[in-house]
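J.: The structure under discussion is supplied below as structure tokens; questions concerning it will follow.
The values are calculated or read from the model by the stated rules, or taken from the named source; none is laboratory data. Treat the numbers as computed from the prediction; the structure is a model and nothing was measured. Quick reminder, even Gly has a Cβ in these numbers, built from the backbone with ideal geometry, and neighbours come from all protein chains shown. Just so you know, the surface numbers come from the protein's heavy atoms only, side chains and all, with ligands and any DNA or RNA stripped out. Shrake-Rupley method; radii C 1.70, N 1.55, O 1.52, S 1.80 Å.
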Amino acid sequence: MLRTLGGNLIEFIGNLDALHSYLALSYQEMNAPSFRVEMTDDGKMLLHYYSDRKGLYHIVPGIMEAVAKDFFDSHVTMVVVNRSEEDERTGKKEHVVFLVKQTNETGKIRDKDNSSYREEALFQRLRNRCASLVGNKSGWDLIRAVVLSEEGSHQSTLSPCYLDKLWMEKKAFCSAFPFHIVFDKDLKVRQTGVNIEKFVPGLQARDATMDQYFTIIHPQVTFNIESIRKFINSQFVLKSYKDKQTTLKLRGQMLWMDSLGCMLYLCSPKLRSLQELQDVGLHLADLAQHDVTRDLVLLNQQRLAEMELTNQLERKKEELRILSRHLEAEKEKTETLLYAMLPRHIANQLKDGKSVKAGEFKVCTILFSDVVTFTNICAVCEPISIVHMLNSMYTKFDRLTNVHDIYKVETIGDAYMVVGGVPVPTETHAHRVANFALGMRLAVKEVINPATGKPIQIRVGLHTGSVLAGVVGEKMPRYCLFGDTVNTASRMESHGVPDHIHLSSSTYSELKDSAFNIQERGQIEVKGKGQMTTYFLLGNMVVSEDSIMGREDGGICFYREDLHDQTRTGALFSL
């Protein structure tokens, strides 16, 4: 698009404003600068730069140098000769005048009267064309091809021929150019097109002047002949008020007629869409058949429709992105709740629509705990105090399940149940649960009994054996354990001693060869089980309390499972 603006630098600069005006159809908020070329009597070229933004004139020389080099194979130097504000009352904040010197690649100044330059430039172009056109051509065919292919050769030598008489009727001219105005140096209207008369009827009045009905939108110059002639190469946009609500904008060029001392303004309505066409009360029939505004309106209407569809798609995409983020957040909440109710791999199977079959675990360790004198506490305390106490205790216990990587089965009232080795079998199930029990006993020292104001006490019981585990229920599924091991573990808790960890003989067998400090309790009568030899777990001799509580290195503990060591030491390592 830039390369087609003109055949030389002057034509290029002279059409920049027209390009900006075209782009403004799509980008209405665009505030482009304005450019004007002035040729002085001594043949110097002056570039006038107008802008609403101060301080940007420094980039103009670089842009013009690049255009001259890339488009016209010449070198340009520019010097600021004047910098002022509002000298010409253009409405722009900054007006800078550059002196432009344009030279060819050999350093000669481009001057239309410099015959030696023209001859050298022509010779250079002919030599370049010969190199590209040699092929199979020779003699006069080669010369003919070079001359005819020389860019602009015919146009540059053409001298227009003007007739003595204009072969056009007044009526035909006014109909062929329905939007045109002829006015004299005093801005008095002398002639108008048929549609100008239709939409601005006041112009027909005697002594009507242009500034009574129009204002100049672009270029921002004073409405007089001198200013218009100074910007004669610019595209002029005029605005007319048909009435208080409707505004008609005209866009076109000014042509000065010396013999008549009048200015001819050939124009068309400035429209972007069919909606704007309707808003000003126009129809496509009001535009001349040869006027490209017809095609421009229709094409731009299609483009606006495509842009609107694109914008709608972008809005929908953004809405979907927002909904997707919300959905992801809700999904995380749902998964968190689901993982709190079920083991993670069991929950994932249910999410995938797979059925989860009950499975038997040959060996695992189950723990039960309850609060000592919980019934008495409930009898003398407010319910909210009980809730706060249990919430504080269970929060600490839940954190310990993550530290020792065991599964919390459920809580019922003050009873808390966990299991090691289910649903993921592990050789160190008993060691994990034993260390968890030691952590529980330490954690409850920070939980206050609302009845006495002292730390609460708990009973803890452990038993090792086999269980059957599976998901029970559909509306509110739970992962439950079944078997005599569950009952025996519950008996260990109920027959325990306050602030002690009560072990069955099977759990003792899992822990006896490790570093746990265990004391034999002896035989006791267990309801439904008869006489049983039980033990008390007193502590862990190789692991600190901080490690058991998960206070070291992020609170994550790992258990080494040495499958070759039949004693299964299960030493606890803290990272």
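J.: Among Glu330, Glu335, Glu314, Glu308, which is of a type in the set (Asp, Glu), touching a helix residue (DSSP H, G or I) at 6+ places or on another chain (Cβ under 8 Å) and either farther than 20 Å from Ser175 by Cα or modelled with pLDDT of 85 or more (or both)? Spell out how you get there, then give the answer.
T.: Numbers: Glu330 fails: touching a helix residue (DSSP H, G or I) at 6+ places or on another chain (Cβ under 8 Å); Glu314 fails: touching a helix residue (DSSP H, G or I) at 6+ places or on another chain (Cβ under 8 Å); Glu308 fails: touching a helix residue (DSSP H, G or I) at 6+ places or on another chain (Cβ under 8 Å).
Criteria check complete, one pass: Glu335.
J.: From Ile386, Ile412, which residue is closer than 22 Å to Ala489 by Cα and among the hydrophobic types (A, V, I, L, M, F, W, C)? If you could, list the steps in order and put the result at the bottom.
T.: Values: Ile386 fails: closer than 22 Å to Ala489 by Cα.
Residue meeting the stated conditions: Ile412.
J.: Restricting attention to segment 413-437, which residues are open to solvent by 10 Å² or more (accessible area, probe 1.4 Å) and over 16 Å from Ala340 (Cβ atoms)?
T.: Gly413, Asp414, Ala415, Val424, Pro425, Thr426, Glu427, Arg432
J.: Moving on. Could you list, in sequence order, all residues of segment 276-288 that are over 16 Å from Ile196 (Cα atoms) and either part of a loop (DSSP other than H, G, I, E, B) or without any contact (Cβ under 8 Å) to a residue 24 or more places away in the chain (or both)?
T.: Of everything in segment 276-288, those that are over 16 Å from Ile196 (Cα atoms) and either part of a loop (DSSP other than H, G, I, E, B) or without any contact (Cβ under 8 Å) to a residue 24 or more places away in the chain (or both) turn out to be Glu276, Gln278.
J.: With (1) more than 30 Å from His495 (Cβ to Cβ); (2) open to solvent by 60 Å² or more (accessible area, probe 1.4 Å) as the list, and Asn348 as the residue in question, which single condition is left unmet?
T.: (2)
J.: Additional query: Of all residues in segment 206-254 being free of Cβ contacts under 8 Å to residues at least 24 places away in the same chain and closer than 21 Å to His20 by Cβ, which is most open to solvent (accessible area, probe 1.4 Å)?
T.: The selected residue is Gln253.
J.: Can you tell me which residues in segment 188-216 are assigned to a strand (DSSP E or B) and under 50 Å from the mean Cα position of the chain (by Cα)? Give the steps one after another, and end with the answer.
T.: In the first step, residues of segment 188-216 are kept if they are assigned to a strand (DSSP E or B); the result is 188-192, 209, 214-216.
Correct list: Phe214, Thr215, Ile216.
J.: Out of the residues in segment 37-68 meeting the condition of being out of contact with any Phe, Trp or Tyr (no Cβ under 6 Å at 6 or more places or on another chain) and part of a strand (DSSP E or B), tell me which one is most open to solvent (accessible area, probe 1.4 Å).
T.: Met39
J.: May I pose another question? Being in a loop (DSSP other than H, G, I, E, B) and over 17 Å from Val433 (Cβ atoms) is the filter here, so list the residues in segment 456-507 that pass it.
T.: Result: Ile456, Gln457, Gly473, Glu474, Lys475, Met476, Pro477, His495, Val497, Pro498, Asp499.
J.: Please verify whether segment 373-380 includes one or more residues that are buried (at least 18 other Cβ atoms within 10 Å of the Cβ) and touching a residue at least 24 places away in the same chain (Cβ under 8 Å).
T.: yes
J.: Could you figure out which of (1) open to solvent by 30 Å² or more (accessible area, probe 1.4 Å); (2) outside any helix (DSSP H, G or I); (3) within 22 Å of His429 (Cβ to Cβ); (4) not aromatic (Phe, Trp, Tyr) isn't true of Ser514?
T.: (1)
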